[in-house]
Amino acid sequence: MELATTILSLLFVVASGLYWFVRSRSNYWSSRGFPTIPGQKLLFGHVKGINTERHASYVTSDIYRALKKRGEAFGGFNMFIIPGVMLIEPDVIKAILVKDFHIFHDRGVFSDPEVDPLSGTLFAMHGKPWKILRQKLTPTFTSGKMKQMFGTIQEVAVRLGTYVDEHSHREELEMKDILARYTTDVIGTCAFGIECNTLKNPDSEFLKYGNKVFEQKVSTLIKIIFMLLVRKYWPTFMLKITDAEVESFFLNLVRETVEYRESNNVKRNDFLNLLLQIKNTGKLWEEEEEHVGKGEVGMTQNELAAQVFIFFLAGFETSSTTMNFCLYELAKNSELQERLRQEINRAIERNGGELTYDVVMGVEYLNMVVDETLRKYPPLETITRSPEQDYTVPGTKHIIPKGTMVQIPIYALHHDPDYYPDPERFDPERFRPEVANARPPYVYLPFGEGPRVCIGLRFGMMQTKVGLIQLLRQFRFSPTEKTPDTIRFMPNVFILSPDSGNYLHVEKI
């Protein structure tokens, strides 16, 4: 009896302690006098249903609107029991992304290549290691390097056009899957030098493992929350986040490809060839010494694999969904589609009938259409930063504690009617230069901004535009009975991905 009483007493003490801890986390911001919003749930905070019932873009938009309605320039919220800060006003966003970047140079994403090799990407790395690697990789994404890869991308785009042509007799085509296979083939050849041929072979392992990475499992979310709690007191604590099968596939693939290239002296105009130059000499051979880190030479095999991995992920799903959303909107707006087609054809005719990198990137109306697509459907709904020290928000006495996750809600900003009237309407005219220049800066952020702006944005835009040009010159797209009136996003995928196929009628021109 005494033992049972003791056990019950201990359980009561533990339960009381847990309740006190959870309750204190719920009151984290209000107890500090920090701007916040009421109505959170005890365990879920302000994000009930995220990644299970609702996509994160809908949840963060609710928080954004609630804070803005209260007149806040920023505010605290709880992601479950983890405190975070959301930025609302463009001036505060500019301070965090640019002006005070020296304090907010890290994304707050977990990176420990010793425990999780594929976490050692440029996207996730922190501090000085990030800065050194960024300096080494920046020359690989110049317009000159993009022009070298242009021909390779164009070849894949031609195969895309051929595939659609061969199947255009069908009543409708599901474009989401077709476009994912196109970008997989582009990245496969540019990042790995491998002909994936997923347009012919939809069961490709590339496609399988690429899709697997973007699945936001509940177990992964639990790991992340646990690490956020533990690392506050044990900064070096790390759990493996990357799926074991995904890690094995990509590490082995890169190792085998590198060994083959180095033993056979293979040279190609692709991303992997540039990385091999950096791995073996510390720089691109034609670049000068000031473009690389001070005295830092080369990269390890795993570091190289991690950069190839993030290049694959960043270019595969984000570009295919951008193309998919763009075709969806053009199918619903035939007059915009026809205008874009005419402007593309005129630009190519002016260049003697030849499609070049400069032509692709210089079609003004195509730029406007893609920009509006990225406005309405940004690949990442949020970007994050984390201060390396306590930070007083300019013009206030409010302090963001060191290590707190700070969110810049891209999707919410892009759908704010104060910046984009009637935000659900697809209107490329929003990006006519005089209109875009009249908007406040830092309210259009599809690639982020500041020193950590997406390094591969040129490549992503190039493969997206090349694919769209190839399709629009050959085909007209229109809705079918299966085409949804509005798009909903898959809740368990952390990028914006439609929850159904994009079924369109395709007519050869």
What is the dipole size for the stretch 354-440, taken about its Cα centre, with +1 at each Lys and Arg Cβ and -1 at each Asp and Glu Cβ, in debye to the nearest 20? 480 debye
Quick one: which residues, 5+ away or cross-chain, put their amide H under 5 Å from the amide H of R439? H built at 1.01 Å from N. none
C-alpha long axis of helix 244-264 to longest principal axis of the chain, angle in °: 40 degrees
Rounded to the nearest 10 degrees, what's the angle between the helix 2-26 long axis and the longest principal axis of the chain, both from Cα atoms, 0 to 90? 50 degrees
Protection proxy ranking, peptides 309-315, 337-343, average beta carbon neighbours within 10 Å, highest first: 309-315, 337-343
Given H placed on each backbone N at 1.01 Å, which residues far from M405 in sequence or on other chains put an amide H within less than 5 Å of it? V85
Paramagnetic reach from R170 (point 7 Å along Cα→Cβ, amide N under 19 Å) across the stretch 484-501: 484, 498-501
Where does the charge balance sit around S204 when Lys and Arg score +1, Asp and Glu -1, over other residues with C-beta under 13 Å from its C-beta? -1
Using a 1.4 angstrom probe with every protein chain in place, what is the largest-first accessible-area order of C454, C196? C454, C196
Can you find, among L133, A191, A73, the residue farthest towards the positive end of the dipole of the chain? Put +1 on the C-beta of Lys and Arg, -1 on that of Asp and Glu. A73
Within straight-line cross-link reach of K267, lysines at Cα separation under 21 Å, skipping those fewer than 8 residues along the same chain: K136, K145, K147, K279, K283
Straight-line reach from K176: which aspartates and glutamates fall under 14 Å, measuring Cα to Cα and dropping same-chain residues less than 8 apart? E317, E329, D499
Helix 271-281: angle to the longest alpha-carbon principal axis of the chain, degrees 0 to 90, nearest 10? 70 degrees
Gain in length, T392 to E195, computed as 0.36 nm per residue apart minus the alpha-carbon separation, to one decimal in nm? 65.8 nm
Efficiency by 1/(1 + (r/R0)^6): what FRET value for D243 and E335, r their Cβ-Cβ distance, R0 = 35 Å, to the nearest 0.05? 0.20
Need the full-extension length gain, E429 to K267, defined as separation in residues times 0.36 nm minus the C-alpha distance. One decimal, nm. 54.0 nm
For the full complex of protein chains and a 1.4 angstrom probe, list K147, K68, K128 by accessible area with the highest value first. K128, K147, K68
If Lys and Arg each add +1 and Asp and Glu each add -1, what is the summed charge of the other residues whose beta carbon sits under 10 Å from the beta carbon of K68? -1
Full extension between N367 and T486 adds, at 0.36 nm per residue less the Cα distance, a length in nm of 40.5 nm
For the stretch 351-509, dividing by residue count, accessible area per residue (probe 1.4 Å) in Å² works out to 41 Å²
In nm, give the distance between the simple-model label positions of R350 and R255, each being 7 Å from the Cα along the Cα-to-Cβ direction. 5.2 nm
Return the sequence-ordered ³J(HN,Hα) values of the stretch 126-143 in whole Hz as given by the Karplus equation 6.51 cos²θ - 1.76 cosθ + 1.60 applied to θ = phi - 60°, using x for Gly and Pro. 10, x, 4, x, 5, 4, 5, 5, 4, 5, 5, 8, 3, x, 7, 10, 6, 4
Please calculate the 1.4 Å probe accessible area of E89, with all protein chains present, and give it to the nearest 10 Å². 70 Å²
Of the heavy-atom accessible surface of the stretch 43-137 (probe 1.4 angstrom), what whole percent is carbon and sulfur? 57 percent
With a ≥ b ≥ c the root eigenvalues of the C-alpha gyration tensor of the stretch 282-432, is it rounded (a/c under 1.5), prolate (a/b larger than b/c) or oblate? oblate
Once you list every other residue whose beta carbon is under 12 Å from the beta carbon of R452, what net charge do they have if Lys and Arg are +1 and Asp and Glu are -1? +2
Calculated from the structure, mean projected area of the Cα convex hull in nm² equals which of (1) 23.8; (2) 26.1; (3) 28.0? (3)
Solvent exposure, largest accessible area first (probe 1.4 Å, DNA, RNA and ligands not counted), of K465, K69, K48: K69, K48, K465
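The values are calculated or read from the model by the stated rules, or taken from the named source; none is laboratory data. All of these numbers come straight from a predicted model, not from anything done at the bench. All Cβ positions, even for glycine, are placed from backbone atoms using ideal geometry, and neighbour counts span all protein chains on display. Note: areas computed on protein heavy atoms with side chains; ligands, DNA, RNA excluded. Shrake-Rupley method; radii C 1.70, N 1.55, O 1.52, S 1.80 Å.
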